[in-house]
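**Q** Take this structure, written in structure tokens, and hold onto it; I'll ask about it next.
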Amino acid sequence: MTAQSETLVDVPMFRSLPRAAVKALDARCHWRRVAAKEWVIDYQDDGIDVFFVVAGSVRVLIYAKSGREVILADLEAGGFFGEMAPIDGHPRSASVLAVTDAVIATMPGAVFLEVLHNHPEVSMYVLKLLATRVRELDNRVLEYSTLDVRHRVSCELLRLARPDAKDSRRGVLAPVPTQAEIAARVSTTREAVVREMKLLEREGYLQRQRGALVLVDMPNLVQRLETED
């Protein structure tokens, strides 16, 4: 990764700003290259910096007292995290781990707040994204409260799938998430995920291909889930 990657120009939050303004923000950030599996921030850390993923991907997660990992989100290039700390002043609410080698821009919290104050369009972008995250968490709470493991696994596979370019009814998961990763997303055990995925295969909803999982008929799977709720 070269110094050319050290810019916020392609971060969606700043696309409404003039290029010169973004370049000025580049100079106010600290740039860091992290290796895959390296921790970026830890749960309950102090500090109010905001972090932008310029290249690569990271995972937002927390650990329960039992030691079980709970995956909250994966962020690709253009995503950001740590924005709550400069707003409310509280310690970090989650840990962040690099999934791949990544380039991270660290923006001081005071600079982040300055940008929100001076650029209403950026503030609105952040507000909309935070609203989206709240809605997603509401849906997760509803799933955890009302659905059994089988249904939660199916819902997560549907969320992770991307429509097949040749058949919109089919969903493709590539690269293939591990059973442990799916378990961490739906608050269950790896063994339970293995059992439920094998059942989906036997029922004809899920196929394994080289380097991918395929949901054979997503609309039908959604209909089944709604019918069984």
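The values are calculated or read from the model by the stated rules, or taken from the named source; none is laboratory data. Please read these numbers as outputs of a predicted model, since none were measured by experiment. Cβ placement follows ideal geometry from the backbone for every residue including glycine, while neighbour counts extend to all protein chains displayed.
**Q** Look through the range 48-68, keep the residues that are in contact (Cβ under 8 Å) with a residue 60 or more places away in the chain and under 14 Å from residue 93 (Cα atoms), and return whichever of them is surrounded by the fewest Cβ atoms within 10 Å (Cβ to Cβ).
**A** 61
**Q** Also: Counting only residues that are closer than 20 Å to residue 68 by Cα and surrounded by fewer than 15 Cβ atoms within 10 Å (Cβ to Cβ), how many does the range 144-188 have?
**A** 5
**Q** Looking only at the range 79-91, which residues are buried (at least 16 other Cβ atoms within 10 Å of the Cβ) and either in contact with a Phe, Trp or Tyr (Cβ under 6 Å, 6 or more places away or on another chain) or on the phi > 0 side of the Ramachandran plot (or both)?
**A** The answer is 80, 81, 82, 86.
**Q** Answer yes or no: is there a residue in the range 152-160 that is within 26 Å of residue 63 (Cβ to Cβ) and in contact with a Pro (Cβ under 8 Å, 6 or more places away or on another chain).
**A** yes
**Q** Now for a separate question. Residue 19: free of Cβ contacts under 8 Å to residues at least 12 places away in the same chain, surrounded by fewer than 17 Cβ atoms within 10 Å (Cβ to Cβ) and on the phi < 0 side of the Ramachandran plot, yes or no?
**A** yes
**Q** Determine whether residue 106 is among the hydroxyl-bearing types (Ser, Thr, Tyr), under 30 Å from residue 210 (Cβ atoms), assigned by TED's automatic domain parsing to the domain that holds residue 49 and in contact (Cβ under 8 Å) with a residue 60 or more places away in the chain.
**A** For residue 106, the condition - among the hydroxyl-bearing types (Ser, Thr, Tyr), under 30 Å from residue 210 (Cβ atoms), assigned by TED's automatic domain parsing to the domain that holds residue 49 and in contact (Cβ under 8 Å) with a residue 60 or more places away in the chain - is not met.
**Q** What's the number of the condition residue 100 fails, among (1) at pLDDT 95 or above; (2) more than 30 Å from residue 182 (Cβ to Cβ)?
**A** Residue 100 satisfies all of (1) at pLDDT 95 or above; (2) more than 30 Å from residue 182 (Cβ to Cβ) except (2).
**Q** Which one of 50, 60, 40 is among the β-branched types (Val, Ile, Thr), under 17 Å from residue 84 (Cα atoms) and touching an Asp or Glu at 6+ places or on another chain (Cβ under 7 Å)?
**A** 50
**Q** Does any residue of the range 106-129 turn out to be in contact with a Lys or Arg (Cβ under 7 Å, 6 or more places away or on another chain), surrounded by 15 or more Cβ atoms within 10 Å (Cβ to Cβ) and closer than 30 Å to residue 182 by Cβ?
**A** No, that holds for no residue.
**Q** Would you kindly identify the helices (runs of 4 or more DSSP H) lying entirely within the range 122-229 that contain at least 1 residues that are within 16 Å of the chain's Cα centre (by Cα), at pLDDT 90 or above and outside the structural domain of residue 63 (by TED's automatic domain parsing)?
**A** It comes to 149-160, 179-186.
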